[in-house]
Amino acid sequence: MSKTLNFLRGTAVALLLATPAFSDDSVNANTVVATVNGADITLGQMLAVKETLNEQYQSLPDDVLFNGILDQLIQQSLLAQSFGGDTPKRVELALQNQRLALMSAEVLQELIAAKVDDAAVQAAYDAQYADYEGSREFNASHILVASEEEAATIATEIRDGADFATTAKEKSTGPSGPGGGELGWFGAGQMVPPFEEAVAKLETGQVSDPVETQFGWHVIKLNDTRLQQAPALDEVRQQIEGEVQRTVIDAELARLTENGEISKTVAEGMDPSILKQSDLLEN
């Protein structure tokens, strides 16, 4: 880093430390915090820069952030003032586009603040999940053994009255064995296909014939079934809010487009490859 730049930064910090702190009542966005060759830098400019910073920089200590933003604006002012000649065409166009982007973002913020509230989110949630029919979920237990013969014998013993959980603790080689073979609730795609297909064919309380998977041979008991419940609003709030925002924005754009006077006659006659001619920015 150049000695001049270090000097500028050091000078700015010294000026700040030597200046009495403003009271809350005496400052606003137009408060001048520095001047560069007669050009003012305002507190509002500093605040606008801060709003564009990512979270990492936003979390810096207040004094570091304040002095860093001020230094940046001072340096940019010095560099901009040193530019000779007219403002380049590409800069003028970029400023026009930036203004469009910022103003449209401001309109969208106001639109969302006015129309995307808790009531709108609740209404959208109610409409989306009013007739919700969740997929079927199963609660099952199983006993895993090495051979089909052993599985068949176990299935017969259980149908003859042996306790499933006790048998699982005694004979199952699977990790659920010590817990009586209970697998808890699961839905489609959570078990390997042969196991899932066998479970889907069972009636509540029924015990399966031996079922082979890559893990071995299973004897399965279906404990219960249920339909998946609709998610709570808080679980899907972010998704619902996003959908409501998009709906509101699309409706507003449709309204503005319908009421606006838009002509694309010249654009429709252009060769799209013209966008490759970046040298036009210099004309």
Legend entry - Pairs, first closer than 9 Å to residue 241 by Cα and in the same structural domain as residue 237 (by TED's automatic domain parsing) in region 118-129, second part of a helix (DSSP H, G or I) and not hydrophobic (A, V, I, L, M, F, W, C), C-beta under 6 Å, six or more apart: 121/241
Legend entry - Scan of region 183-223 for residues that are in a loop (DSSP other than H, G, I, E, B), in contact with a helix residue (DSSP H, G or I) (Cβ under 8 Å, 6 or more places away or on another chain) and under 16 Å from residue 141 (Cβ atoms), ordered by number: 190, 191, 208, 209, 210
Inset, instruction - Quick one: count up the residues across region 166-182 that are touching a residue at least 24 places away in the same chain (Cβ under 8 Å) and either surrounded by fewer than 17 Cβ atoms within 10 Å (Cβ to Cβ) or assigned to a loop (DSSP other than H, G, I, E, B) (or both). - result: 7
Legend entry - Failed condition for residue 52, given (1) under 30 Å from residue 282 (Cβ atoms); (2) surrounded by 10 or more Cβ atoms within 10 Å (Cβ to Cβ): (2)
Inset, instruction - Search region 133-162 for residues that are farther than 19 Å from residue 195 by Cα and pair each with any residue that is assigned to a loop (DSSP other than H, G, I, E, B) when their beta-carbon atoms are under 8 Å apart and the residues are at least 6 apart or on different chains. - result: 134/228; 134/229; 134/230
Legend entry - Selected residue [over 30 Å from residue 133 (Cβ atoms), among the hydrophobic types (A, V, I, L, M, F, W, C) and either in contact with a strand residue (DSSP E or B) (Cβ under 6 Å, 6 or more places away or on another chain) or outside the structural domain of residue 105 (by TED's automatic domain parsing) (or both)] from 199, 266, 211, 207: 266
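The values are calculated or read from the model by the stated rules, or taken from the named source; none is laboratory data. Owing to the predicted nature of the structure, the values given are computational and were not obtained by experimental measurement. When we count neighbours, we look across all protein chains shown, and the Cβ atoms used for this are built from the backbone with ideal geometry, even at glycine.
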